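Note sheet for the following structure.
Please treat every number below as a calculation from the coordinates, not as lab data. Bear in mind the structure is a predicted one, so any value in this text is a computation, not a measurement. Cβ coordinates were reconstructed from backbone atoms using ideal geometry, including for glycine residues, and neighbour counts include every protein chain displayed.
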Amino acid sequence: MYPHWRSNGWLPVAGDGSGNYYVLTTAPLAGFVAFVDTADDPTRLDYLAATTLWQFLLFLFQRELGQPGWPFDPRTVLAEDPDLVQAPTELLPWRKH
């Protein structure tokens, strides 16, 4: 559905149930998992959700179990994934929420 994702090095790893996706990035932010809001712009990363696929899965499972905070509360997120603070500021999830 989004052929440019392949050329961007984005590998879909999960959906949010509303047509948006989480993608594993291979370049330039190799290893990060990012959210793509397909209704807004399917060619742009909306925000970085985690620094690794495993950390993303942990966050996702915790949210599914009812734990609040991820991805928009910086204290919650950085307590679990402190390396996310080194990501580009414009891609931090709490920058627009």
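Side notes on the structure shown:
- Backbone phi angles across region 11-25, fed through the Karplus curve with coefficients 6.51, -1.76 and 1.60 (θ = phi - 60°), yield HN-Hα couplings of 10, x, 10, 6, x, 9, x, 10, x, 9, 9, 9, 10, 7, 8 Hz in residue order; Gly and Pro are listed as x.
- Taking amide hydrogens as placed 1.01 Å from N in the peptide plane, the amide H of ALA49 sits under 5 Å from those of VAL33, ALA34, PHE35, each at least 5 positions away in sequence or on another chain.
- Theoretical ellipticity at 222 nm over the chain - DSSP helices of four or more residues, -39500 (n - 2.57) apiece, nearest 500: -6500 deg cm²/dmol
- GNM flexibility winner over the chain from ALA79, ALA14, ALA49 (Cα, springs under 10 Å): ALA79
- Relative to the longest principal axis of the Cα atoms of the chain, the long axis of helix 53-64 makes an angle of roughly 60 degrees.
- Relative contact order of region 1-47, defined on C-alpha pairs under 8 angstrom at six or more residues apart (%): 27
- Under 12 Å, Cβ to Cβ, from LEU91 - net charge with Lys/Arg +1 and Asp/Glu -1: +1
- Which label in (i) 26, 14, 12; (ii) 20, 15, 13; (iii) 29, 20, 14 gives the computed semi-axes √(5λ) of the Cα gyration tensor in Å: (ii)
- Neighbourhood net charge (12 Å Cβ-Cβ; Lys/Arg +1, Asp/Glu -1) for LEU48: -3
- Applying both filters, DSSP loop and at most 13 other Cβ atoms within 10 Å, to the trypsin sites (Lys or Arg not before Pro) of region 1-81 gives ARG44.
- Cα centre as origin, Lys/Arg/Asp/Glu Cβ charges: the chain dipole, Debye: 100
- Net +/- balance of residues flanking THR38 in space, Cβ distance below 12 Å, scoring K and R +1, D and E -1: -4
- Selection from LEU60, ALA79, VAL36, by position along the positive dipole direction of the chain (Cβ): VAL36
- Relative contact order for the chain: 18 percent, from Cα pairs under 8 Å spaced at least 6 residues apart, divided by residue count.
- HN-Hα J in Hz across region 81-86 - Karplus 6.51, -1.76, 1.60, θ = phi - 60°, x for Gly and Pro: 9, x, 5, 5, 4, 7
- For region 68-86 and region 29-47, distance of Cα centres in Å: 17
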